[in-house]
Amino acid sequence: MTPVVVPDASGVRTDALGIARSDVQRRSSRTPGPPRRTRYLVGAICIAICIIMVLPIVASVLASVKPTAEAAQTPPTYVPHGLSFDAYRRLWEYQSGLPTYLVNSFGTALLTVLFTLGLTILAGYGLARFPVPFKEPLFVLLLLALIIPYQALLTPIFLTFADFGLTNSLIGLAIIHTAIQLPFSLYIMRNSFEAVPRELEEAAMIDGANSVQILRRVFLPAVVPAIITVALFAFITSWNEYLGALVMMNKDSKFTLPLILASSRTETSLGGTDWGMLQAGITISIIPCVGIYLLLQRYFVAGFLTGAVK
């Protein structure tokens with residue numbers, strides 16, 4: 001119903017309830033917000049947290065461009081007295097060369113992402129939408145893998161992989177990284193599939209779509225944020241993992257970036273740790289993780305909340 005608007009004696013337009021619109025607008029404009037002092041305090045806390053988070057990254061970058069002698073100086077200097085990219089040159093030429101280790105790390109991480117998505121999308125879809133017998137106890141059983149440290153299983157895994165020729169193999173290392181990531185990723189994917197309205201699935205079934213078509217055309221577009229979240233976690237887990245790669249790889253040409261950074265600590269012309277080359281490697285290693293996160297941040301936050309909150 002459209003309210004009756006009439007002018008009063010003063011010319012102010014009012015509705016049928018006799019409330020002056022100008023008065024309503026005046027009251028709404030006076031609605032108190034957060035105190036200015038509180039806003040400043042929250043802003044200062046956020047800035048302080050950002051500085052604390054960024055300072056180690058800045059320190060690594062500055063240390064990577066110091067001359068070799070200054071990088072090894074004790075006590076260390078925080079601001080380099082001169083700029084030198086010799087640490088990056090040494091890292092580029094170290095052992096089999098930095099490109100080899102970057103290719104190994106990227107290859108292992110991408111295989112981990114593919115394996116993790118392929119398994120968790122199908123498993124999450126089945127556990128969320130099909131009447132699987134004992135699916136709740138089965139789901140809990142799969143999540144119990146989170147409390148078992150994979151480090152305790154590396155010895156039997158290594159012996160098994162050695163029998164199948166998967167040692168010194170990027171595929172074998174990717175399988176280990178996938179196993180590390182599976183429980184958490186399955187939790188995210190299953191809850192994301194359950195959050196999709198059942199009416200969409202029923203409408204697709206009425207149109208004659210089978211289970212595979214429903215998954216491809218209905219569910220996958222709806223859970224894109226969760227897929228990106230799982231892929232991001234799988235990539236970062238594989239990119240930074242050290243112990244599994246240390247156990248599985250014994251050929252220099254198969255090392256990943258974390259292994260070569262640990263190895264570089266023991267070799268320097270000054271008789272100690274080559275801090276410049278080490279910090280150059282750390283700077284290079286954080287670029288893909290930070291870049292991917294910044295590009296996919298919006299999807300990551302949405303997918304994490306969708307999968308974690310039921």
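What follows draws every value from the coordinates through simple rules; no lab data is involved. Remember, predicted model here, so these are calculated numbers, not experimental data. Note that each Cβ is placed from the backbone with ideal geometry, even for glycine, and that neighbours are counted across all protein chains shown.
Starting from region 216-264, pick out the trypsin sites (Lys or Arg not before Pro) whose DSSP state is loop and whose Cβ has at most 11 other Cβ atoms within 10 Å. Before the final figure, lay out each step's value.
On the way: sites: Arg216, Arg217, Lys251, Lys254; in loops: Lys251.
Sites meeting the loop and neighbour criteria: Lys251.
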Give the shape of region 135-182 as rounded, prolate or oblate, defined through the alpha-carbon gyration tensor: a ≥ b ≥ c are the square roots of its eigenvalues, a/c under 1.5 means rounded, and otherwise the shape is prolate if a/b is larger than b/c and oblate if not. prolate
Could you compute Rg(Cα) / (2.2 N^0.38 Å) for region 90-308, with N its residue count? 1.19
With the crude spin-label approximation of a point 7 Å out along Cα→Cβ, what separation in nm comes out for Leu243 versus Asp163? 2.4 nm
Could you give each residue of region 197-214 its phi-based ³J(HN,Hα) in whole Hz, using Karplus coefficients 6.51, -1.76, 1.60 with θ = phi - 60°, and x for Gly or Pro? x, 5, 4, 5, 5, 5, 5, 5, 5, 5, 6, x, 7, 8, 5, 5, 5, 5
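What's the FRET efficiency of Leu122 with Lys251 using the Cβ-Cβ distance as r and R₀ = 45 Å, to the nearest 0.05? Mind showing how you got there, number by number?
Details: r = 34 Å, r/R0 = 0.75.
In this case the efficiency is close to 0.85.
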Here region 36-87 gives, from Cα atoms, an Rg and Dmax in Å of 16.2, 50
